[in-house]
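Everything below concerns the one structure shown next.
The values are calculated or read from the model by the stated rules, or taken from the named source; none is laboratory data. None of the values given here were measured: they were computed from a predicted structure. Ideal geometry is used to build each Cβ from the backbone, glycine not excepted, and the neighbour counts take in all protein chains shown. Heads up: the accessible areas ignore ligands, DNA and RNA and are worked out on the full protein's heavy atoms, side chains in. Shrake-Rupley method; radii C 1.70, N 1.55, O 1.52, S 1.80 Å.
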Amino acid sequence: MTSAASRDNHLTVRRVERQQHLIERLHASADRVTVGTLAHDFGVSERTIARDIERLRLSGVPVDVAPGRGGGAVIVRRADIPPIAFDLREIAALISSLTALGPTASESATSAMRKLTTALTGV
């Protein structure tokens, strides 16, 4: 039997993974993606996607949402993503966040963890 805390932790990790993939999906799309399409693609309800988008927006992710016909969500993308410099405290925050998520939860999480630890250690 699984404890309530264990289920809650599992659901949190699933939400974080879904939000990561949601950011990647919205950034990669040239056009708005409807909440219905996202819900179908991620295998969750439209309400779950709407909550995820709202959490991302409140966290500062620039998700542009338009309601109604022809509406949907998109992250206005740049042609290129410039290099970002992090200080030690920022690297530590990102590493600890990835550790909580599971540094091998996705290819991008694994790659990010490898880059952050290399920046930290030089190895």
Q: Pick out, from PRO83, GLY36, LEU116, the residue whose Cα sits farthest towards the positive end of the charge dipole of segment 1-121, with +1 on the Cβ of Lys and Arg and -1 on the Cβ of Asp and Glu.
A: GLY36
Q) Between THR121 and ASP64, what FRET efficiency comes out of the Förster formula 1/(1 + (r/R0)^6) with R0 = 35 Å and r the beta carbon distance, rounded to 0.05? A) 0.35
Q) Ranked from the most accessible area to the least, with a 1.4 Å probe and all protein chains present, what is the order of LEU101, LEU88, LEU22? A) LEU88, LEU101, LEU22
Q.
Quick check for you: with a 1.4 Å probe and neighbouring chains kept, what is the accessible area per residue of the chain, in Å²?
A. 69
Q.
Modelling each spin label as a point 7 Å along the Cα-to-Cβ direction, I'd like the ARG78/ARG15 distance in nm, to one decimal.
A. 2.9
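Leaving ligands, DNA and RNA out of it, report the carbon-plus-sulfur percent of the accessible area of segment 16-123 at a 1.4 Å probe.
That share works out to 57 percent.
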Q.
In the chain, if the dipole is taken from +1 on Lys/Arg beta carbons and -1 on Asp/Glu beta carbons about the Cα centre, which of LEU22, THR104, VAL65 is farthest to the positive end?
A. VAL65
Q: Round to the nearest 10 and give me the degree value, 0 to 90, for the angle of helix 107-121's Cα axis relative to the longest principal axis of the chain.
A: 30
Q | Rounded tilt (10° steps) of 88-101 against the dominant C-alpha axis of the chain | A | 60
Q: Starting from the alpha-carbon convex hull of the chain, give the projected area averaged over all orientations, in nm².
A: 9.7
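Roughly how many debye, to the nearest 20, is the charge dipole of segment 50-123 about its Cα centre, given +1 on each Lys and Arg Cβ, -1 on each Asp and Glu Cβ, and no other charges? Write down the numbers at each step before the final one.
On the way: 9 positive and 7 negative charges, 28 e Å.
Here the size comes out at about 140 debye.
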Q: Working from Cα positions, state the angle (0 to 90°, nearest 10) between the long axis of helix 46-58 and the longest principal axis of the chain.
A: 50
Q) Contour minus end-to-end for ASP41 and GLU107, with contour as 0.36 nm per residue of separation and end-to-end as the Cα-Cα distance? A) 21.9 nm
Q) Under a point spin-label approximation (7 Å from Cα along Cα-to-Cβ), what is the GLU24-GLU54 distance to one decimal in nm? A) 2.6
Q. Which value, in Å² rounded to 10, gives the accessible area of ASP80 with a 1.4 Å probe and all protein chains present?
A. 100
